[in-house]
Amino acid sequence: MKLSRKRRRELRELRSDAQLLLDQQLEVLGNAGTVVKHAGHQARLLSDEHVAPRVNQAVERVRPAVDRGVASARSAARSVRRATAPAVASALASTIRTLDEIENPKAAAQVRDFGVRTGYLEPVKKKRNVSGIIALTLGAAAAVGVGYALWQAFRTDDELWVAPES
C-alpha cells in the first residue's frame with residue numbers, strides 16, 4: 001500500500017508523540033514506585049511505634065483469662081474422659097467381639113487399634129503358646145545339627161587320611 005507524503009509525515013509525528021507519551025508514563029511509574037516504597041517504610045515504622053505496643057498490651061490483658069479458660073477446658077475434658085472411659089471401653093470391646101463373631105477380623109483389628117491409640121483399651125499382649133516354643137527349639141536344634149555336619153565335612157584332620165601301603 002502506497003501512502004502519500006502527508007500521511008507518512010502524520011504517522012511519523014503520531015509515532016513520536018506516542019513514544020514521548022510512553023517515556024513520560026515510564027517516568028511517572030518510576031516515581032510512583034519510589035513513593036510507594038517510602039510510604040511502606042513509614043507505615044512499618046508507625047506500626048512498630050504505635051500499633052504493636054497496643055496489640056501487645058491487649059494480648060497481655062486477656063492472656064490470664066485465656067489461660068484460665070484453657071485450664072478449665074482441660075480439666076473438664078479430663079473429668080469427662082474419666083466418667084465416660086468405662087462406657088467407651090465397654091462399647092469398643094463389644095464391637096470387637098461382634099466383629100469377631102461375624103468373622104470380620106480386619107474391621108475388628110481397626111476398632112481395636114483405635115481403642116489402643118485413644119487409650120480406652122489396653123494393647124493386646126501376644127501370648128506364647130507351647131507349640132511356638134517347641135517349634136523354636138526344634139529350629140535351633142536343626143541349625144546346630146547342620147552346623148556340626150558342616151564342621152565335620154570341612155575340618156582338616158591329618159589322622160583321617162591313611163597312607164597307601166606300598
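Going through (1) in a helix (DSSP H, G or I); (2) more than 29 Å from the chain's Cα centre (by Cα) one by one, Ala107 falls short only on (2).
When each of Arg97, Arg44, Arg12 is tested for being open to solvent by 100 Å² or more (accessible area, probe 1.4 Å), free of Cβ contacts under 8 Å to residues at least 12 places away in the same chain and within 30 Å of Asp113 (Cβ to Cβ), the lone residue that passes is Arg97.
For the range 110-130, the tally of residues that are open to solvent by 50 Å² or more (accessible area, probe 1.4 Å), assigned to a helix (DSSP H, G or I) and not hydrophobic (A, V, I, L, M, F, W, C) stands at 4.
The values are calculated or read from the model by the stated rules, or taken from the named source; none is laboratory data. Quick caveat, the model's predicted, so the values are computed rather than measured. In this analysis, Cβ positions are derived from the backbone assuming ideal geometry, glycine residues included, and neighbour counts consider all displayed protein chains. Ligands, DNA and RNA are excluded from the accessible area calculation, which covers all protein heavy atoms including side chains. Shrake-Rupley method; radii C 1.70, N 1.55, O 1.52, S 1.80 Å.
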